[in-house]
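Just so you know, all these numbers are worked out from the coordinates, no wet-lab data involved. Since this is a predicted model, take the numbers as computed values, not measurements. Note that each Cβ is placed from the backbone with ideal geometry, even for glycine, and that neighbours are counted across all protein chains shown.
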Amino acid sequence: MKDKLPGDIWREFVQAEVRSKPKLGKLLEPSVYGGYENQILTIYFSDDVARKAAQGQSNAIKDKLREYRLLCDRINFMTGVPTTATPVTIDSKSHNPLQALYWVEPNLPTEGDEAQRMQILNATVEAEQACNQFYTKLNQRTLDLAGSKENIIKVSFNWRVRVGGTRGFRELLLPVLHPVFGIPYIPASTLKGAASAWAKKHGLSDEVKNLLGMLDAKAAKVEFLDGFPAKPCLSVDVATPQWTWQNEKVIYQPVPHPLLSLQQPEFVIGLRPTTRGDNDEVKVVKEWLENALKSGIGSRISSGYGRALGEIPHSQYYQSYSFELWTQGMYGSHPPSKENRYQGTPEFRPTALRGVLRYWFRAVALGLYDIQLCQNLEENLFGKLGKQGRFSINTKVNPSNKINPYFYSGKIYVEATEVQSLNLVEKLLILASHLGGIGRGSRRPLHLLDGRMRGCHWEVMGTNLPLAYNADQWRKFFEELKQAFQVVQAPIGSYTSHPGRPNHRQQDALDKNAQIWLLKSLSQIHPYKVNNWTAEGDRPNIRGSALNLLYSDIHFKGGSNGKGNPNVGGALETPSFVWIKSIFPTNDSSYQVITIFGSDHEERQAFAKELKKQGAILVFGQMQSGKLPAPRK
């Protein structure tokens with residue numbers, strides 16, 4: 001005992017009391033060691049109720065500690081987070097993430113609120129890097145409390161996890177942080193709720209009552225322990241909605257919202273039998289929880305967060321598609337800077353996939369419904385804050401080290417609450433993958449421009465995909481798409497929206513003023529056949545016939561160094577009114593799909609006429625004749 005620190009003696013004492021399961025062990029289990037000096041012991045509790053209950057046993061605690069040779073003249077029972085000590089022996093200058101949120105001092109009088117938020121979040125992440133010993137000790141504590149490795153779940157997540165998601169200190173959107181230890185965790189109540197919900201969903205309500213108890217009657221037979229990460233995993237994340245509803249219009253207004261999430265975390269989760277239960281019953285509940293974790297835990301599950309690695313359990317209505325993506329890069333909180341385009345931390349973001357599906361949903365719906373009905377249907381299908389939508393999307397991505405361009409491949413899983421919603425989302429996925437890309441550069445094929453990688457190439461594979469260079473097949477698909485909307489929300493009609501103007505863009509709509517063209521591009525090379533992007537990436541057979549046409553005339557291309565036409569090809573911070581996507585059904589039948597929004601604009605009409613001269617075929621919309629009246633704004 002002489003070589004042990006007082007903090008280690010305290011924790012050893014508490015663990016022994018908990019294992020023997022008397023009243024004292026239960027009272028001290030949530031305690032945190034705060035310090036020992038001059039025979040005065042300080043311990044912390046997360047709330048006053050727990051503190052007062054333990055304080056009532058002060059003499060009993062002092063008597064038992066004598067057996068451990070930790071003599072106490074007095075015990076200070078405190079509420080809150082230790083400020084002069086931590087629950088494990090680490091450098092006293094190290095702070096946990098919760099403390100860092102309060103201690104960091106933004107000293108940025110000339111900077112905006114965004115810079116201050118990022119400083120606070122980065123300081124919080126940095127503080128967590130010093131918490132390895134926290135996690136080691138807490139995971140050992142979990143194992144000790146569970147009593148057996150058989151009662152432990154070690155789970156890894158394939159992307160990010162957010163448990164909590166409430167507004168906290170300085171209005172930051174925070175994950176749940178332990179009120180005493182100050183580190184990210186999954187509360188036992190969250191784990192119990194996830195296991196219970198999964199079991200009830202699968203017809204096991206009676207078993208749930210029997211094993212997990214009832215608030216007003218039966219006590220539980222199985223207890224859940226808080227889940228702690230195996231190692232530091234806190235990361236700055238960002239949500240950047242591109243389009244926002246404002247006054248019955250969808251405005252282009254990308255506003256990044258920095259937040260914290262757990263990046264590819266590994267968790268150690270424990271269960272144990274209560275005095276009423278046994279290990280066999282723990283085994284049953286453990287299986288419920290394992291299945292629940294694969295289905296997803298925490299917030300933003302429908303956007304790909306919180307899914308554990310392993311075979312994904314599916315609902316009755318689901319479908320999967322293989323995909324491949326070549327991209328200039330997908331980024332969260334650390335995109336390349338304007339000064340150095342090679343910096344940044346790329347990652348495949350399932351949220352970008354959900355975002356592009358929402359964009360194409362609006363593009364179709366704005367041509368079929370009035371504004372209010374369109375908005376209501378969007379909320380029903382995609383959900384909103386506090387309301388689950390009708391479908392969720394998840395991805396499993398294979399590891400890849402390819403860069404410039406980055407390459408991702410894997411599976412896309414779509415689950416829905418009913419077959420009608422599943423069919424609609426599948427049609428939207430096919431539409432999105434045939435008209436454009438995903439993430440950065442989604443409006444252009446992958447190519448090199450001014451020495452910089454631009455655009456992306458996205459392929460979704462399935463039966464009869466991709467669509468062939470065949471007008472009848474395309475027109476049939478558009479009819480099937482309309483029918484999918486009709487089944488979900490009837491009746492459909494014919495409405496006109498407006499794509500706005502440069503520097504004040506509005507959501508594009510596939511209405512009567514939109515056109516979709518197919519243009520053969522037989523000499524075009526598939527991205528996987530490009531050997532050297534630096535040397536070949538700006539060649540005509542990489543860009544394809546439609547992109548070459550767009551770039552051939554400053555009356556079409558986007559603004560660059562004061563040249564170009566933002567009314568057609570867009571400009572910096574002005575999304576293009578023209579989408580171009582490369583399709584490779586077979587090696588010798590490549591073509592490009594060109595979508596023009598607001599084709600009643602005379603300068604975009606001119607581009608459409610050039611496409612027709614090049615032999616393009618129109619599969620959606622019609623050629624504009626003369627100057628049409630301005631559509632509804």
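Overall, the anisotropy analysis places the range 384-475 in the oblate class: the square-rooted eigenvalues a ≥ b ≥ c of its C-alpha gyration tensor yield a/c not less than 1.5, with a/b not exceeding b/c. Neighbours of Phe478 by Cβ distance under 15 Å: Lys/Arg scored +1, Asp/Glu scored -1, total 0.
Can you list the aspartates and glutamates whose alpha carbon is less than 17 Å from that of Lys563, not counting same-chain residues fewer than 8 positions off? Answer for Lys563, where 17 Å is the Cα cut-off: Asp450, Asp553, Glu573, Glu603, listed by chain and number.
With all distinct Cα pairs included, what does the Kirkwood hydrodynamic radius of the range 473-546 come out to in Å, to one decimal, could you say?
Computed over the range 473-546, the radius equals 16.3 Å.
About its Cα centre, the dipole of the chain is roughly 500 debye, where the only charges are +1 on Lys and Arg Cβ and -1 on Asp and Glu Cβ.
The candidate values were (1) 57; (2) 45; (3) 41; the one computed from these coordinates for percent of Cα pairs over 37 Å apart carries the label (2). In summary, no helical segment of the chain meets the span-like criteria, namely a full DSSP H run, a Cα extent along the axis of 30 angstrom or more and a mean Kyte-Doolittle hydropathy of at least -1.0.
For the range 253-302, the share of alpha carbon pairs falling in successive 10 Å distance bins from zero is 17, 37, 24, 14, 6, 2 percent. When you count the other C-beta atoms within 10 angstrom of each residue and take the mean per peptide, 225-231, 188-194 line up highest first as 225-231, 188-194. Couplings for the range 491-498, taken from phi via the Karplus curve 6.51 cos²θ - 1.76 cosθ + 1.60 with θ = phi - 60°, read x, 8, x, 9, 10, 10, 10, 9 Hz in order; Gly and Pro are left as x.
When the chain is described by a simple charge dipole with +1 on each Lys and Arg Cβ and -1 on each Asp and Glu Cβ, the residue from Thr351, Ala60, Ala546 located farthest towards its positive end is Ala546. Could you tally the net charge around Thr79, taking each other residue with its Cβ under 14 Å from the Cβ of Thr79, Lys/Arg +1 and Asp/Glu -1? Result for the neighbourhood of Thr79: 0. Computed as a quarter of the hull surface, the mean projected area of the alpha carbon convex hull for the range 10-80 stands at 4.1 nm².
Under 8 Å for C-alpha pairs, at least 6 residues apart: give me the relative contact order for the range 357-410, rounded to a whole percent. Display every interim value, and only then the final one.
Details: 31 pairs, mean separation 10.7, N = 54.
Across the range 357-410, relative contact order equals 20 percent.
For Phe323, neighbours were defined as the other residues whose beta-carbon sits under 11 Å from its Cβ, and their charges (Lys and Arg +1, Asp and Glu -1) total 0.
So what is the 222 nm mean residue ellipticity for the chain from helices alone, if each DSSP H run of at least 4 adds -39500 (n - 2.57) and you divide by all residues, rounding to the nearest 500 deg cm²/dmol?
So the calculated ellipticity at 222 nm is -10000 deg cm²/dmol.
When only Cα pairs below 8 angstrom with a gap of at least 6 residues are kept, the range 138-293 shows a relative contact order of 34 percent. Beyond 20 Å in Cα-Cα separation lie the following of the pairs Lys427/Lys581; Lys201/Lys294; Lys529/Lys581; Lys411/Lys520: Lys411/Lys520. Using the average count of surrounding beta-carbon atoms within 10 Å as a protection proxy, the listed peptides 590-603, 130-143, 479-492 rank, highest first, as 590-603, 130-143, 479-492. Considering the dipole of the range 219-323 built from charges on the beta carbon (Lys and Arg +1, Asp and Glu -1) around the Cα centre, which of Tyr317, Asn291, Pro256 is farthest to its positive end? Looking along the dipole axis, the top candidate is Pro256. Principal axis analysis of the Cα atoms in the range 173-302 yields extents of 57, 36, 25 Å, listed in decreasing size. Computed FRET efficiency, Cβ-Cβ of Asp553 and Lys200, R0 56 Å: what is it to the nearest 0.05? Result of the calculation: an efficiency of 0.35. Annotation: lysines with alpha-carbon distance below 23 angstrom to Lys62 (same-chain offsets under eight excluded): Lys2, Lys4, Lys21, Lys23, Lys26, Lys52. Taking the charge dipole of the chain about its Cα centre, with +1 at Lys and Arg Cβ atoms and -1 at Asp and Glu Cβ atoms, the residue from Ile153, Gly558, Leu225 reaching farthest to the positive side is Gly558. In terms of Cα atoms, the Rg and Dmax of the range 184-248 work out to 18.6, 53 Å. Backbone amide hydrogens, once placed in the peptide plane, bring Asp226 within less than 5 Å of Ala188, excluding anything fewer than 5 places away on its chain. The range 312-469 gives an Rg/Rh value of 0.99, both radii derived from C-alpha positions and Rh following Kirkwood.
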